[in-house]
6 protein chains.
Amino acid sequence: MTSKPISRYPVPQLRDLPQDIRDRILAAQEKAGFVPNVFLAMAHRPEEFRAFCAYYDALMEKEAGLTKAEREMIVVATSSANQCQYCVVAHGAILRIRAKNPLIADQVTANYRKADITPRERAMLDFAMKVSRQSEEVADADFQLLRAHGFSDEDIWDIGAISAFFALSNRMANLISMRPNDEFYMMGRDAAAKKD
Amino acid sequence: MTSKPISRYPVPQLRDLPQDIRDRILAAQEKAGFVPNVFLAMAHRPEEFRAFCAYYDALMEKEAGLTKAEREMIVVATSSANQCQYCVVAHGAILRIRAKNPLIADQVTANYRKADITPRERAMLDFAMKVSRQSEEVADADFQLLRAHGFSDEDIWDIGAISAFFALSNRMANLISMRPNDEFYMMGRDAAAKKD
Amino acid sequence: MTSKPISRYPVPQLRDLPQDIRDRILAAQEKAGFVPNVFLAMAHRPEEFRAFCAYYDALMEKEAGLTKAEREMIVVATSSANQCQYCVVAHGAILRIRAKNPLIADQVTANYRKADITPRERAMLDFAMKVSRQSEEVADADFQLLRAHGFSDEDIWDIGAISAFFALSNRMANLISMRPNDEFYMMGRDAAAKKD
Amino acid sequence: MTSKPISRYPVPQLRDLPQDIRDRILAAQEKAGFVPNVFLAMAHRPEEFRAFCAYYDALMEKEAGLTKAEREMIVVATSSANQCQYCVVAHGAILRIRAKNPLIADQVTANYRKADITPRERAMLDFAMKVSRQSEEVADADFQLLRAHGFSDEDIWDIGAISAFFALSNRMANLISMRPNDEFYMMGRDAAAKKD
Amino acid sequence: MTSKPISRYPVPQLRDLPQDIRDRILAAQEKAGFVPNVFLAMAHRPEEFRAFCAYYDALMEKEAGLTKAEREMIVVATSSANQCQYCVVAHGAILRIRAKNPLIADQVTANYRKADITPRERAMLDFAMKVSRQSEEVADADFQLLRAHGFSDEDIWDIGAISAFFALSNRMANLISMRPNDEFYMMGRDAAAKKD
Amino acid sequence: MTSKPISRYPVPQLRDLPQDIRDRILAAQEKAGFVPNVFLAMAHRPEEFRAFCAYYDALMEKEAGLTKAEREMIVVATSSANQCQYCVVAHGAILRIRAKNPLIADQVTANYRKADITPRERAMLDFAMKVSRQSEEVADADFQLLRAHGFSDEDIWDIGAISAFFALSNRMANLISMRPNDEFYMMGRDAAAKKD
């Protein structure tokens, strides 16, 4: 569909990668139907790739606490503030799918304060944005506010840690000029997929 | 599709509006297949509605100079910086259609510097952003740079004036919490519509 | 008094302009005693001129709700934040006259928080500034605060819309480097004109 | 003319002040025709008053190098950025008188980049603003640029030191809510005083 | 020395931790002479701990390319901009030791532009700061500038990736209010340790 | 220890300075055990030197109200925000000594919100930072908050005036690229000096 480079750096061939990385990538491909460019671009550095994926899985694939859709909302809101094209587009797609809502990603990208979210989610995103943009001002009062919305302290760690992890991820994507796969743009936009 | 309010203010019924405004709205409906919410929300104030539409038409429907796709690019880039949900979503749709490019709007929204645009378009958007965010620093050097990219002085007025008009438009939409029609989200995403 | 250019763009001769624009300009001249440069500079684009004037009149010449002095206060405060020389100087003059207060414009220009205004006007200007600088954060709480000061929802639209319109106007003036007429600087400074 | 307080703090009576401070104030009164409020407000702390005046005199009453009008330009431009009502109004008056130009102060206040100043003065104000707002980035390249405009290194110290001194002065005025005398607003606005 | 909490979250006992984590912590203790608080605070989440350490090691313990002192400089400069007390204090200590320079950490913390560093290091830190604070604007021109200073593209990845990793790390430390060990403050300040 | 220049400007020899300035410098030398570079660098301009020292003494050597350690805390917090290497390093040393706390200066430098300070000191520093960075927004509510922490209005003047004076001082140091003496880095770090 496009032959634009997906990274400023050399992109390895799947066959040249260590087995564990190749396995990880093939698993991702099976899930998505294509290999998300982040895997190929980051595989330029196998050690960092492994740590990146392990960190990502620990935060994004966790079953308890925040829903997976909520986790993606945090990614999209903070990545939009950081102007990270890759994460906004790719995680926008995942958010649409996980929330079963074809509109939510574009809403959160444009201005999360006006998105169709609950007051609890709004508080979650306000905090995620504070961690993303002014973490030096995080204070006990922020924790109290989130607890009043029913978040446990472990949930709050999750919110903050996802925001922090994508502070890393967004900067890496901007550093290497990572390009989102064309496939992401349309994923989850099918009205039939919507929550009734 | 949704019953969320489209404005903080009362939204008039079409039948209660003055004839010229009703005509304008029906024309828009015929073109889009639905009534874009901006028309109903702004029609709360008929005088302002008329001026708004006249200004819009003068800048966005002009045939010479910038292409219509370029005009929409300016809208999307500056509206994203202003976090205007309505304009990002609605004009994102129009940009996709006018550029015959299903990816361009999301790219420009996330980070116009990484979008699939020409160096000339990049210079255009840099200037539009400067007018949008630091117009007090606009200087002759900006004009020289744009002229070097082949823009005439009338083109430069267009770039700046579109940025300025959407500085107004974005603030109005944020003021009244204007909601984009659900239809916009999918418009122009059809791969078949793409440029080869 | 000065022969400095009043715009980066060609300035039309009155005799070359369409009749309706010439009439509008002559009316302004009769009122002010001179032709404010904004009319000549904007007349370079007749369509935009007409829309600009119509929008301006709808917001600034309205009789009900906010007083005319309050409307000018909004213009001066937001134009100062946008560093628009033309609007600060020209509307500073109009503010002095409409408020019958020779000090108020310079006070609002320098720091509206320290101007001789009422708490109600302070709340009005705080909101106008929010629309001007961070409209993405406008929220219901802002409306509640203004209502507590006695503003109706239509007044709030006026405050926000004036701020939004001058977001456009300030950017146009900065874009074309519009120069205020020398006459504005002294208008309304006569102590005798003051409110007793 | 007004009975508004001139400071958040107690304002001493002239007769209660130490002789040297009273003499300084009477000299200022003789020069201006009234006692500028800064003297009375700062005299609340005699030690600080003396240091403040000594510093002021060393920078603003110096005969060589920058003209007195240029020194005042620096004060007005940086005080406007710091939103210091007292300094913008009082030094705006002095600037008009020293530059024999009734327009210059309002121009510099609104946007010094659009004021009727020479390229040399523009470079001077750009540097003064850098010292005022981002002094941490001052670098050798700034000195080279100013030297190319004919400024000596001692002139550059003056520019920076005036900007630095008013960083103090503006903060003190904002801290104690110092009010400019009504007399300042009209001083130097007489067209007859203008440079021909 | 202090009994202040080292984290907002529960801090595990060494004996309760999985073997691999305990080993990692004991190794750190052996190296430093004490257990750096980051290990205990982050061990609250074993999965994230492992990924965090693996990422850290990949970037900070690498032998080729940037020196270890240069890597620490990047950490200190960006952590200071992010106001991360833990990283400024702990990595300040490591920087002093690795650079054999007791002054360098405080210099870089206060204003890296005025630190005793080479022009090459200055370019490195300018870029690290750009990745840290405006990664959305990273462009080819930045790469060209760094190459002109002799950095390879792999070095540039290192600079950017360290900046990105500490964008994460600083936010985690601010989120959980991580407290640096008192021991760090004095480490490497011994004049005898200095480079001659 | 180092032969790096201590100022961008010529540094006078002690023997060439006027007697009163020489006396002042020798007194400082006796107290510190070395001549702090600020004295030599500022002595390039004797008039300004005298005013600077007089202002400094009036604010920093005062016996009543704020403790001397509190005064130094204000200096370190605001100087860090202004990225003034000289003041962060030199006054960091004085803060350690006056507070008898070897950790406090580095804590306040990195992020005063996380330093080991009392809520009263936190309120003091919040206000000092507001005066330093947004003095235009200082309001009665700030005074009320500080009074609730037990500060008198004269204490509040002191807080604000110290912040304002170092707004000047930081800019001068950045302007002339003032270098802190190497001796400062280690002063007051002796654990034995600590408060028990």
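Tabulated data
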{"read-out": "Residues in region E:18-59 occluded by at least 50 Å² - accessible area, probe radius 1.4 Å, against chain by itself", "value": "E:45, E:48, E:51, E:55"}
{"read-out": "With all protein chains modelled, accessible area of residue F:97 [1.4 Å, Å²]", "value": "80 Å²"}
{"read-out": "Solvent-accessible area per residue, Å², over region E:78-196 with all protein chains present [probe radius 1.4 Å]", "value": "31 Å²"}
{"read-out": "Spacing of the two label points (7 Å from each Cα toward its C-beta) at residue B:153 and residue F:137, in nm", "value": "4.1 nm"}
{"read-out": "Nearest 10 degrees, 0 to 90: helix E:68-81 Cα axis against chain E principal axis", "value": "80 degrees"}
{"read-out": "Cα convex hull of region F:1-142 - mean projected area over all directions, nm²", "value": "10.3 nm²"}
{"read-out": "Along principal axes, Cα extents of region F:113-196, largest first, whole Å", "value": "42, 40, 23"}
{"read-out": "Length-normalised contact order for chain E - Cα pairs under 8 Å, 6+ apart - percent", "value": "30 percent"}
{"read-out": "Relative contact order of region B:8-89, defined on C-alpha pairs under 8 angstrom at six or more residues apart (%)", "value": "21 percent"}
{"read-out": "Loop sites in region B:27-67: GluC sites (Glu not before Pro), DSSP, at most 10 other Cβ within 10 Å", "value": "B:61, B:63"}
{"read-out": "Formal net charge of residues neighbouring residue B:53 (Cβ-Cβ distance under 15 Å; K, R +1; D, E -1)", "value": "-1"}
{"read-out": "DSSP-assigned coil residues among trypsin sites (Lys or Arg not before Pro) in region A:109-196, each with at most 14 further Cβ atoms within 10 Å", "value": "A:195"}
{"read-out": "P(r) weight above 59 Å for the protein assembly as shown, C-alpha pairs, percent", "value": "14 percent"}
{"read-out": "Size of the B/C contact, given as accessible area buried on both chains, probe 1.4 Å, in Å²", "value": "3800 Å²"}
{"read-out": "Rounded to the nearest 10 Å², the accessible area of residue B:124 at probe 1.4 Å", "value": "0 Å²"}
{"read-out": "Rounded to 10°, Cα long-axis angle of helix B:19-32 versus longest principal axis of chain B", "value": "60 degrees"}
{"read-out": "Charge dipole (debye, nearest 20) of the protein assembly as shown; +1 at Cβ of Lys and Arg, -1 at Cβ of Asp and Glu", "value": "0 debye"}
{"read-out": "Residues of region F:152-191 buried by at least 30 Å² on assembly (accessible area, 1.4 Å probe, chain alone as reference)", "value": "F:154, F:157, F:164, F:168, F:171, F:172, F:174, F:175, F:179, F:185, F:186, F:189"}
{"read-out": "Estimated dipole of chain C in Debye, rounded to 20 [Cβ of Lys and Arg +1, of Asp and Glu -1, Cα centre]", "value": "660 debye"}
{"read-out": "Charge context of residue E:17, other residues only, Cβ under 12 angstrom, K/R +1, D/E -1", "value": "+2"}
{"read-out": "Buried on assembly, region B:95-116 (at least 20 Å² less accessible surface than by itself, 1.4 Å probe)", "value": "B:103, B:106, B:107, B:109, B:110, B:111, B:113, B:114, B:116"}
{"read-out": "Rg followed by Dmax, in Å, when region F:105-156 is reduced to its Cα trace", "value": "11.4, 32"}
{"read-out": "Degrees separating the helix F:153-176 axis from the principal Cα axis of chain F, which is the longest one", "value": "40 degrees"}
{"read-out": "Rounded percent of accessible protein surface that carbon and sulfur make up, region A:94-196, 1.4 Å probe", "value": "50 percent"}
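The values are calculated or read from the model by the stated rules, or taken from the named source; none is laboratory data. Only a predicted model underlies this, so the values are computations on that prediction, with no experimental measurement involved. Virtual Cβ from ideal backbone geometry, glycine too; neighbours counted across all protein chains shown. These accessible areas exclude ligands, DNA and RNA; they are computed on the full protein's heavy atoms, side chains included. Shrake-Rupley method; radii C 1.70, N 1.55, O 1.52, S 1.80 Å.
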